[in-house]
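Laboratory data are not the source of any read-out in this text; all were calculated from the coordinates shown. Keep in mind that this is a model prediction, so the values were computed, not measured. Positions of Cβ are backbone-derived with ideal geometry, glycine not excepted, and every protein chain shown enters the neighbour counts.
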Amino acid sequence: MPEIISKKFQEPPRTQMLNKLWQFQQERGYIDDDALKGLATEFGISEIEVEGVISFYHFFHRKPTGKYTIYLNNSIVSEIKGFQRIMEAFERETGATFGTVDRTGTFGLFLTPCIGLSDQEPAALINFYPFTNLNAIKVKDIISRLKQGVLPESICDAPSDNIRYVPAEDKSVFFRKYQTGQALGKMESLGPQGIIEEIKKSELAGRGGAFYPTWKKWEATRQQPASQKFVVCNADEGEPGTFKDRVLMNSYAGSMIGGMIICGYAIGATQGIIYLRGEYWWLKSKIEAALQEFRVIGFLGKNICDIKGFDFDIRIQMGAGSYVCGEETALLESLEGKRGEPRTKWYFPVERGYLQYPTVINNVETFCAAERIIEMGADAFRESGIPGSPGTKLISVSGDCKLPGIYEIEWGMTVAELLELCGAEDPYYIQVSGPSGECITVKEKFRRISMLDLLARKDIRCGGSFMIFNKQRDIVKILLNFSAFFKEESCGICTPCRAGNFIIQRKLERLQDGLFNEADLQELKSWGTLMKNTSRCGLGKTAANSLISAIDKFHDYFVARFDKDFNGLNLKFDMAAATADYEKYKS
Amino acid sequence: MIKVTIDGIELEVEEGTTIMNAARKIGGEVVPPAMCYYTSLKGSGGKCRACLVKVAQGSAKDPRPMPKLVASCCTNVQDGMVVLNSTSPEVLETRRGIVEFLLVNHPLDCPICDQAGECELQNFAFDHGLQKTRSEFHRREFDPIDIGPHIKLHMTRCILCYRCTMVADQLTEERVHGVLWRGEASEISTYIQKAVENDFSGNMIDVCPVGALTDRHFRFRNRVWFLNPMDAHRNCSKCSGKVVLWMRGEEVYRVTARKDQYDEVKEFICNECRWDHYDTKDWVVEGPRAVEKWSVITANKYSKETVELPEQLFSKLDNAKWDSFEGVT
């Protein structure tokens, strides 16, 4: 047996909170009062605090969720691929309505935002096993088999990677031939400082979408005098329409793990944590297997790669359904077993992160890229890109196109080329980098995709996804789906994001009803701008991005949606409903 | 010591001071409003966004302005920082927006709310808000619940500043008060409405900026502007015993802790002082409390000037003479 690191540093028990809650959730289908009381006693905290944590994550329930808990994705891509029919099919077949459990307690139906399978929608998770490309017949078949007692894990789908485009072998970064540990062998000769120099030379920037220079994070953490440091991999890929990390972890988990080990060596950490979103439970065993393989070879554990004194191990922490936990400080709070509320930014995570120790947090793609950089050299990495935008970029393409899937594009590719590659069908509205990104019209298709020019707005700076919508799609419906998503996922800690997303959703509902005029549209934009300027974390700051850009770019479309006769009065005002309370009181 | 300029006023503060606290050293218009920050509660601040200010110059070393408005309660000043608060139209405009956001789910039930007259949100909206609203949607509603025999929680009015949960966490030992759910559905809740049986739980009422937590013994009994706040103290083994008696005639309507000009309590009081001593005989009355001149509480009573009379005068006054202070302007 490989030697496991003797635990020099013991993570406090509270960090096990989410794991414990998952255990109850999966064993009993919900977290009952006894479990809650037990946890409060175990961790020495109050019951209300445990309750607060449970209610923050939408995969944790305080009521039974049925023997088979079904989470159907209600993101916009699912919606255009027939969400409504699937929803009805599930309700018809199981006898439960969404949000509830059927009478026998067998099936629980719930909705959840994007589960990272946008290329094979409509998709659902049954007991967290994936079922993709659903249609009414398939749903009927699944449910009848479950009723016969077949286990969901035995009939679930294995989501395919759908890697649609890879540059020529020597230019590919992520999907080139992978050999476990090739990069790790170079660690010792480079040395920690050498690795950071190499990453600096490669100009790698954070691939989660913020494009912060990776070497700066690593260097800053390395400089911190601390007894303990952490490497955290952000695999909480919550942005609707994004699934690149899913593909990387499904087929190239070793690359991610390698990247984390390299980072750990460079900054002097002994513990790495992969924060994997709850939607990806089905990937967990795969990553575990990869970790075990690394341990057996001696890439994890003590004296890794025969480097004396370099001890490092990685564990997986499952998230539990919270988009905001992709925000790095919220992720840290979640890792510590708390409500995933973003921290007040007194310190950067590189100064005080997980458990107040210096922590590097990078996205899955960033760690994979870092590993490849050490393997292929910074120069080769840069050469595969264009000046200012090194390497290649993974883009998740979904929506109205023939070939949804992952595209490893060369930076500098234009939107038109990408649309051509994926076989986009009559594209009209394109959502770049998910709901928190920006929307572009097909008229802008000659813009390049790169890391540059965020402010000049010449190039498109893409965090990782393209959702393509054709002319038949209802833009208001798309925006409404986004705002409903943000309203649901806002942590609620700061005023603008809590109230702003609520207002925007209400306003868009009125727009959908035609009860809107130009003044309303400008008002909507001002609510959005205000939320953008005043929110505390990235969620609120970006939640109105697509709305604001859509109002500017699709102005005519909105104008066409106004009710011509609308004179500012609410024509659809329901007098009977409005006075119902009064009538009741009167009688 | 480092130099910072706020609204054109230069001052020196210690390193590690927040913009908010630097501004409070100057006082007056320069001080940003705060709905969630509370000096004595660790971890408060950064939530309400009422205190956002513009940083026109980051520091002497790096003079670039900060790209977005920053929360002054949780941003430390840098040497050579230039901050704009009431002199920045952008800040004032934004603050109007924050008032709107806060009122999206806050009922305008001030006429029947016990907090009216000493409500931080009311003052904030009066100072910084518009007179009209653009939100015409249903506000969330909750039934009021009792937290033990003394406190009423009216969640409908809550603006989720989290102060009360911090009191529960930091002043009282047993935490039964916390935040549930998330986003727009967030609510403050008491676990199974269990009574908050702790000697300092009453302070949750004092830290609440709005009328979400009110004193059950005081509810609907009087308006704060009809009462005379009197500084008083008693020997208490649990707390400082320094309180304010809210009186009308001879009767003590309620007892609260003393708040400073930023509506903050510096010395928290125990529940015994708050609820068990409604008799003036139990107290050594120091005299009328200084109340900011603009406050509605001064209405038809006395002004700050009155209070500047020699202190000895007040301590010598006997109970019967308090009434004569009514009407002094």
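Net charge in the neighbourhood of residue B:38 (other residues with Cβ under 12 Å of its Cβ; Lys, Arg +1, Asp, Glu -1) is 0. If every alpha-carbon in the protein assembly as shown counts as one equal scatterer, what log10 I(q)/I(0) does Debye give at q = 0.08, 0.09, 0.11 1/Å? Log10 I(q)/I(0), no solvent term: -0.82, -1.03, -1.46. Would you kindly give the portion of the calculated P(r) for region B:97-215 that falls above 24 Å, as a percent of all Cα pairs? Within region B:97-215, distances greater than 24 Å cover 25 percent of Cα pairs. Put simply, the amide H of residue B:151, placed in the peptide plane, has neighbours under 5 Å in B:216, leaving out anything fewer than 5 places away on its chain. Look at the dipole of region A:165-383 built from charges on Cβ: of A:254, A:358, A:321, the Cα furthest out on the positive end belongs to A:358.
Over region A:165-383, the reciprocal of the mean inverse Cα-Cα separation, the Kirkwood hydrodynamic radius, stands at 17.1 Å. Inter-chain Cβ neighbour count for B:98-105, averaged per residue, equals 6 (cutoff 10 Å, partner chain atoms only). Only helices enter the 222 nm calculation for chain B: every DSSP H run of n ≥ 4 contributes -39,500 (n - 2.57), and dividing by all residues gives -5000 deg cm²/dmol, rounded to 500. Tell me the Kirkwood radius of chain B: reciprocal of the mean inverse pair distance over distinct alpha-carbon atoms, in Å. Hydrodynamic radius (Kirkwood, Cα only) of chain B equals 21.2 Å. Fully extending the segment from residue A:346 to residue A:297, taken as 0.36 nm per residue of separation minus the present Cα-Cα distance, adds 13.6 nm. In region A:443-520, the inverse of the mean reciprocal separation of distinct Cα atoms equals 15.1 Å; this is its Kirkwood hydrodynamic radius. Distances between placed amide hydrogens fall under 5 Å for residue B:81 paired with B:5, B:60, all partners being 5 or more residues away or on another chain. Taking every residue in A:502-511 and counting other chain Cβ atoms within 10 Å of its Cβ, the average works out to 3. In chain A, the longest principal axis of the Cα atoms and the axis of helix A:83-94 are about 90 degrees apart. With a 10 Å cut-off around each Cβ of A:40-53, the average count of Cβ atoms from other chains is 4. Distance between the modelled labels on residue A:26 and residue A:42, one decimal in nanometres: 1.4 nm (7 Å Cα→Cβ projection). What FRET efficiency do you get for residue A:150 and residue A:100 if R0 is 22 Å and r is their Cβ-Cβ distance, rounded to the nearest 0.05? After rounding, the FRET efficiency stands at 0.40. Averaging over all projection directions, the Cα-based convex hull of region A:68-160 occupies 5.1 nm² in the image plane.
Of the trypsin sites (Lys or Arg not before Pro) in region A:166-258, the ones in a loop by DSSP (not H, G, I, E or B) with at most 12 other beta carbons within 10 Å are A:177. Taking label positions 7 Å along the Cα-Cβ direction at both residue A:477 and residue B:64, the computed distance is 4.3 nm, reported to one decimal.
Rounded to the nearest 20, the Cβ-based charge dipole of region B:71-184 about its Cα centre (Lys and Arg +1, Asp and Glu -1) stands at 260 debye. Dipole check for region A:165-383: with +1 at the C-beta of Lys and Arg, -1 at the C-beta of Asp and Glu, and the Cα centre as origin, the magnitude is about 220 Debye. Its alpha carbons considered, region B:117-184 gives a radius of gyration followed by a Dmax of 14.9, 43 Å. The residues neighbouring residue A:93, those whose beta-carbon lies less than 14 Å from its own, together hold a net charge of +2 under the Lys/Arg +1, Asp/Glu -1 convention. What separates the Cα centres of region A:325-361 and region A:382-449 is a distance of 32 Å. The spacing between region A:211-238 and region B:262-287, judged by their C-alpha centroids, is 50 Å.
When peptides B:150-159, A:471-480 are sorted by average Cβ neighbour count within 10 Å, with the highest value leading, the order is B:150-159, A:471-480.
Amide H to amide H distances under 5 Å link residue B:213 with B:154, where only residues 5 or more positions off or on other chains count and H is placed in the peptide plane. Gain on full extension, evaluated as 0.36 nm per residue between residue B:141 and residue B:279 minus their Cα-Cα distance, stands at 45.9 nm.
Taking the average, over residues, of other Cβ atoms within 10 Å as the packing measure, peptides B:204-215, A:308-319 rank B:204-215, A:308-319 from highest down.
What the phi angles of region A:314-321 give under the Karplus curve with 6.51, -1.76 and 1.60, with θ = phi - 60°, is a coupling list of 10, 10, 9, 10, 7, x, 9, x Hz, glycine and proline written as x. Peptides A:574-583, A:415-424 ranked from most to least packed, by the mean per-residue count of other Cβ atoms within 10 Å: A:415-424, A:574-583. Label reach from residue A:286 (point 7 Å along Cα→C-beta): in region A:153-186, amide nitrogens under 19 Å belong to A:153-166, A:173-181. Could you calculate the FRET efficiency of residue A:575 with residue A:19 from 1/(1 + (r/R0)^6), where r is the beta carbon distance between them and R0 is 56 Å, rounded to 0.05? The formula returns an efficiency of 0.55 here.
The angle separating the long axis of helix A:518-534 from the principal Cα axis of greatest extent in chain A is about 30 degrees.
On the principal axes of its alpha-carbon atoms, region A:356-487 has extents of 46, 40, 30 Å, going from largest to smallest. From the largest down, region A:322-430 spans 48, 36, 20 angstrom on the principal axes of its Cα atoms.
Each part gets one Cα centre, and for region B:8-26 versus region A:110-149 those centres are 58 Å apart.
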